[in-house]
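The values are calculated or read from the model by the stated rules, or taken from the named source; none is laboratory data. Bear in mind the structure is a predicted one, so any value in this text is a computation, not a measurement. Ideal geometry is used to build each Cβ from the backbone, glycine not excepted, and the neighbour counts take in all protein chains shown. The area values use the complete protein model at the heavy-atom level, side chains included, leaving out ligands, DNA and RNA. Shrake-Rupley method; radii C 1.70, N 1.55, O 1.52, S 1.80 Å.
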Amino acid sequence: MRIAVMGTGGTGGFYGGLLARAGEDVTFIARGAHLEAIRAHGLTVKSRLAGEFTIPARATADPRSIGVVDLVLFCVKTYDTEPAAALIRPAVGPDTVVLSVQNGVDNDERIARVVGQGTAICAAAQVNAHVEAPGVIGQTAGNLGERIEQIYRRCKEAGIAAEIQPDIKAVLWEKFVFICGFSGTTALTRLTIGPVLGCQETKAFLRETMTEVETVARSQGVALARGLADRYVTFAGGLEPWALGSMAHDLHSGKRLELESLNGTVVRLGRAAGVPAPLNFAIYAALKPFVDGPPAAPRPGG
């Protein structure tokens, strides 16, 4: 299977690395020092799930050089969805599946509007991976049906614990509940999950933030299981106490934030449906000045 990984960050590097190790024809799209390191030394994956390995990897900054592929693993940050979809368009043919492995709940629709052909579908990743150093990925925690079955088989052969879900929107929203709470709260408080859960007030803030997302999901007609927020608070208690959400990582690194696609989406959808989401709004309002990176410091007298 010819595969292009659009966005060789933590998620794309981890899943693409496993598929390449299993013998699939994978090309990684990257840039800067990460691209040069992959070209020079291969791609290294350090994973609790899959072990540590290094593979020689084909990598490029120009998707036009790849040709049409069978599968695009689409793993960019949500704020780059439309521009990245435009860049990958030359690699997408009528039978190409574009598999969005991103945060958020509407990326397949956004990709499809830009790409214009192929089939855009969504997946919910259940790993926490990041670029540890250039070229190094660290992981801490026929018809469409036939094409999905083929992708599923290749993932299983590569050691990826994959499942086909009949209601992917519900799965995406379940993950969305957790991400908005975990990522939003750790970014807002600048705390790892251990201290968040160690204080009753911040623990309650985390739980109620996720409860708001549950309520907004149901206003959109998504059938979620009851008690997700309590379940996810328990789940968070099993994480390493130093764990941070992706937005907190990006905030600490001075990078752009996926705020609009996470808590901002909850606020907008809730407002349109008449569903209050005050804690998600608090996260959104407090982090909005950092959405494009650290705000510029005011100059004295100016």
Quiz item: Rounded to the nearest 5, what % of the DSSP beta bridges within the stretch 14-145 are antiparallel ones?
Solution: 40
Self-check item: Using alpha carbons only: equivalent-ellipsoid semi-axes of the stretch 1-101, gyration tensor based, whole Å
Solution: 21, 14, 13
Quiz item: Looking at the chain, what % of its DSSP beta bridges pair antiparallel, to the nearest 5?
Solution: 25
Quiz item: Check Arg2: other-chain or 5+ apart residues with amide H under 5 Å from its amide H, H built from backbone geometry?
Solution: Asp70, Leu71
Quiz item: What value does the stretch 26-164 have for Rg/Rh, both radii from Cα atoms and Rh as Kirkwood defines it?
Solution: 0.94
Quiz prompt | Cβ crowding within 10 Å averaged over residues, with 1-12, 103-114, 278-289 ranked highest first | solution = 1-12, 103-114, 278-289
Quiz item: Mind listing the phi-derived Karplus ³J(HN,Hα) values for the stretch 193-210, rounded to whole Hz, using 6.51, -1.76 and 1.60 with θ = phi - 60°, and x for any glycine or proline?
Solution: 5, x, x, 4, 6, x, 10, 4, 5, 6, 4, 5, 4, 4, 4, 6, 4, 5
Quiz item: Based on Cα positions only, what radius of gyration and what Dmax would you give for the chain, in angstroms?
Solution: 19.3, 66
Quiz prompt | Amide H partners (placed H, <5 Å) of Asn128, local residues excluded | solution = Thr140, Ala141
Exercise. Rounded to whole Hz and in sequence order, give me ³J(HN,Hα) for the stretch 63-68 from the Karplus expression 6.51 cos²θ - 1.76 cosθ + 1.60, θ = phi - 60°, writing x for Gly and Pro.
Key: x, 5, 7, 8, x, 6
Quiz prompt | Heavy-atom accessible surface of the chain: percent carbon and sulfur, 1.4 Å | solution = 54
Quiz prompt | Alpha-carbon Debye profile of the stretch 158-217, log10 I(q)/I(0) at 0.16, 0.22, 0.26, 0.29 Å⁻¹ | solution = -0.59, -0.83, -0.98, -1.12
Quiz item: What does the stretch 209-302 give for Rg and for Dmax, in Å, if only its C-alpha atoms count?
Solution: 16.0, 55
Self-check item: Sequence ranges 222-235, 17-30, ranked by mean other-Cβ count within 10 angstrom, highest first
Solution: 17-30, 222-235
Self-check item: Other-chain or far-sequence residues with amide H under 5 Å of Arg58's (modelled H)
Solution: Phe28
Quiz item: What whole-number value in Å² describes the accessible area per residue of the stretch 155-302 for a 1.4 Å probe?
Solution: 50
Exercise. Just need log10 I(q)/I(0) for the stretch 192-235 at q = 0.13, 0.17, 0.24, 0.25 Å⁻¹, Debye formula, equal scatterers on the alpha-carbon atoms, no solvent, rounded to two decimals.
Key: -0.30, -0.48, -0.79, -0.83
